[in-house]
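Comments concern the structure below.
Derivation of every value follows stated rules applied to the coordinates shown; laboratory data play no part. This is a predicted model, so every value here is computed, not measured. Positions of Cβ are generated from backbone atoms using ideal geometry, with glycine treated the same way; all protein chains shown enter the neighbour counts.
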């Protein structure tokens with residue numbers, strides 16, 4: 001009886017552990033979240049956090065550029081227009097419109113940005129950007 005109880009207890013614990021360990025999300029499921037988070041970090045001036053979505057070489061340039069611009073440059077709106085896989089589970093392209101200002105000018109400028117995102121070591125990173133003023 002005692003042995004049966006212990007066996008059932010061990011089986012219940014094993015089943016519980018299996019149930020809690022869900023499958024890792026697929027790359028295409030995490031892409032949209034990563035695109036959204038990168039642009040939210042830009043929008044709210046969290047440039048260090050945004051830089052983590054860039055490869056190492058671009059990260060240093062990005063942070064230097066943000067330091068140059070200082071508090072004068074500000075993103076006021078971000079619209080992710082589309083995200084599409086170009087190579088399944090490996091590469092994607094996002095089209096984003098970014099509205100920004102640069103003090104003391106109060107003019108709102110808009111740029112269309114085409115970003116190439118690539119899955120590198122299990123993380124989505126921006127590997128290319130094209131900016132076109134609207």
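Restricting attention to the range 108-125, the residues that are part of a loop (DSSP other than H, G, I, E, B) and either under 17 Å from residue 43 (Cα atoms) or in contact (Cβ under 8 Å) with a residue 60 or more places away in the chain (or both) add up to 1. Exactly one residue out of 91, 128 is within 22 Å of residue 31 (Cβ to Cβ) and touching a residue at least 24 places away in the same chain (Cβ under 8 Å): that is 91.
Residues checked against (1) more than 18 Å from residue 119 (Cα to Cα); (2) without any contact (Cβ under 8 Å) to a residue 12 or more places away in the chain; (3) surrounded by 15 or more Cβ atoms within 10 Å (Cβ to Cβ):
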residue: 38; (1), (2), (3): no, no, yes
residue: 64; (1), (2), (3): yes, yes, no
residue: 75; (1), (2), (3): yes, no, yes
residue: 81; (1), (2), (3): yes, no, no
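I'd like to check something: does the range 98-115 contain any residue that is surrounded by fewer than 13 Cβ atoms within 10 Å (Cβ to Cβ) and closer than 24 Å to residue 29 by Cβ? There is no residue in the range 98-115 that is surrounded by fewer than 13 Cβ atoms within 10 Å (Cβ to Cβ) and closer than 24 Å to residue 29 by Cβ.
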